[in-house]
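A.B. asks: Please read through the structure below; I'll follow up with questions.
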Ligand code: ATP
Ligand code: MG
């Protein structure tokens, strides 16, 4: 029986290694037969298989490529499957009624099965192999739509382990760039000259860090030094693309490892500059603890198959600055809710220059922040109203995590936990007994008598004082 290493037989690894030329030239293809690798049809999604089979039956070459092949080979469950073919986008479109052509820079076809989308790309050559590509300032590729051969398609991919092809025709795995060798060494290595490849697309620097963290691989030394050299180019990337990368970094179920890797490689300043500065200047164990708890919580939800929203984690990344600025505004005489609103505005504005956060996420982030002082101070029936709000649960979770580093909040968080466990009909009574917490935001204590303002009624008549059952004034 053959010995298998990382899903490949020992003999295949040796064969691959021996075919890598010492002068770093692209080796000829290594073809690993079905019996020598672990990519079975069972490990491929039914929809990806349908696409591969139909292309093959239509007379086209059809391969699974990229993260799908890589992940199966290392024993992980791929999150998506990408298909590469010699069929043109129009040919693919004609084969699948449930498909659409997308993309300007790269024209791809999405074959849509409900929420599952299989991306089908025609083999592409590198931008300098034909007439369709354009290179802009600093060597960055601005247009890249040149069709090519499978070999050309392989060498324009980013890392060698991302350029392995599973051929539906004979179920073999094909390697043009030494990817099997690197996979066995647990190494991410940029294909070609690493500096040029990072300059062409600086986001590859982030991809290397993320994927190495995901797979717990190392980064090859020459790839690493190219990344360090070119990382500053990340500052000029489009905020929209940077946001996509942030989502991939923190929503894949390995956000804790991603965050640690981003910091280790000094890349946090390109994603969350305010937080990076804060952590660099006065790294407090409490802040580390809170961020860690938020990341662990996110990863746990992903592993349990529970829904997650980027708003929650993003709200944490920006919270230390929102909180500090809010306190500043309060000390300048603003009321808590106004101070919080102004601080949220300032912090988001600064952050949006780096990564764009769509309104559908920044809106909930603001709501989570706005609810923090209200959760800290409400009692009585108002508490019940807060609980009915659509952002209550996220704001409550947020408060609980804050309480891990703010001891004053432990009691408040515990109270909210309890009240949610109280049977519905007992909640009014229960909430009226809440012990109010004051002063966390630098506001006056409730006993300070002269601060209470009287509200005027529209009719001009004075309204009776809004009193609580215990006779104390309610706090707005
Ligand atoms: P995962 O899906 O696990 O995040 P992945 O490697 O599949 O990782 P995708 O973004 O899905 O990442 O990309 C699919 C494939 O497309 C990659 O494996 C790689 O071959 C190629 N690719 C993606 N981004 C780039 C890039 N910036 N430069 C060159 N090739 C890329
Ligand atoms: Mg993928």
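Read-outs: derived from the displayed coordinates by stated rules, not from any lab. On a predicted model such as this, the values are computed, not experimentally measured, just so you know. Cβ atoms come from the backbone with ideal geometry, glycine included; neighbour counts cover every protein chain shown.
A.B. asks: If packing is taken as the average count of other Cβ atoms within 10 Å, what order do 35-42, 191-198 fall into, highest mean first?
C.D. replies: Details: 35-42: 15.0, 191-198: 19.1.
The packing order, highest mean first, is 191-198, 35-42.
A.B. asks: Using the per-residue mean of other Cβ atoms lying within 10 Å as a proxy for protection, in what order, highest first, do the peptides 361-368, 60-67 fall?
C.D. replies: On the way: 361-368: 20.2, 60-67: 22.9.
In descending order of packing, they fall as 60-67, 361-368.
A.B. asks: Here's something else I'd like to know. Can you give me the relative contact order of the stretch 289-433 as a percent, contacts being Cα pairs under 8 Å and 6 or more apart? Each step should come with its number before you reach the end.
C.D. replies: Values: 117 pairs, mean separation 34.0, N = 145.
For the stretch 289-433, the relative contact order is 23 percent.
A.B. asks: Could you list 124, 390, 374, 350 in order of exposure, starting from the residue whose Cβ has the fewest other Cβ atoms within 10 Å?
C.D. replies: Values: 124 24, 390 8, 374 16, 350 13.
Least crowded to most crowded, the residues run 390, 350, 374, 124.
A.B. asks: Shifting gears a bit: Residue 418 to residue 41: FRET efficiency via 1/(1 + (r/R0)^6), r the Cβ-Cβ distance, R0 56 Å, to the nearest 0.05? Don't jump to the answer; show the numbers that get you there.
C.D. replies: Working: r = 52 Å, r/R0 = 0.92.
After rounding to 0.05, the efficiency reads 0.60.
A.B. asks: Could you check the spin-label model distance between residue 385 and residue 34? Points 7 Å from the Cα along Cα→Cβ, value in nm.
C.D. replies: Inter-label distance under the simple model: 6.7 nm.
A.B. asks: If packing is taken as the average count of other Cβ atoms within 10 Å, what order do 70-83, 243-256, 292-305 fall into, highest mean first?
C.D. replies: Details: 70-83: 17.9, 243-256: 19.6, 292-305: 16.1.
Descending packing order for the listed peptides: 243-256, 70-83, 292-305.
A.B. asks: Over the C-alpha atoms of the stretch 27-104, what are the Rg and the largest Cα-to-Cα span, Dmax, in Å?
C.D. replies: Radius of gyration, then largest Cα-Cα span, for the stretch 27-104: 13.6, 40 Å.
A.B. asks: For residue 278 and residue 228, calculate 0.36 nm times their separation in residues minus their Cα-Cα distance, and state this gained length in nm to one decimal.
C.D. replies: In short, 15.8 nm is gained.
A.B. asks: Any chance you could run the full-extension gain for residue 88 through residue 334? It's 0.36 nm times the residue separation minus the Cα-Cα distance, nm to one decimal.
C.D. replies: Taking 0.36 nm per residue and subtracting the Cα distance, the gain is 82.4 nm.
A.B. asks: At residue 112 and residue 193, where each label point lies 7 Å from the Cα along Cα→Cβ, what is the point-to-point distance in nanometres?
C.D. replies: About 4.3 nm separates the two model spin labels.
A.B. asks: Further question: What Rg and what Dmax come out for the stretch 289-433 when only alpha-carbon atoms are used, in angstroms?
C.D. replies: Using the Cα atoms of the stretch 289-433, the pair Rg, Dmax is 15.7, 48 Å.
A.B. asks: Ranked by Cβ crowding within 10 angstrom, fewest neighbours first, how are 159, 217 ordered?
C.D. replies: Numbers: 159 26, 217 21.
Listing 159, 217 from fewest to most nearby Cβ atoms yields 217, 159.
A.B. asks: Where does each of 238, 403 land when they are ranked from fewest to most other beta-carbon atoms within 10 angstrom? Write out the running numbers ahead of the final one.
C.D. replies: Working: 238 11, 403 20.
In order of increasing Cβ crowding within 10 Å: 238, 403.
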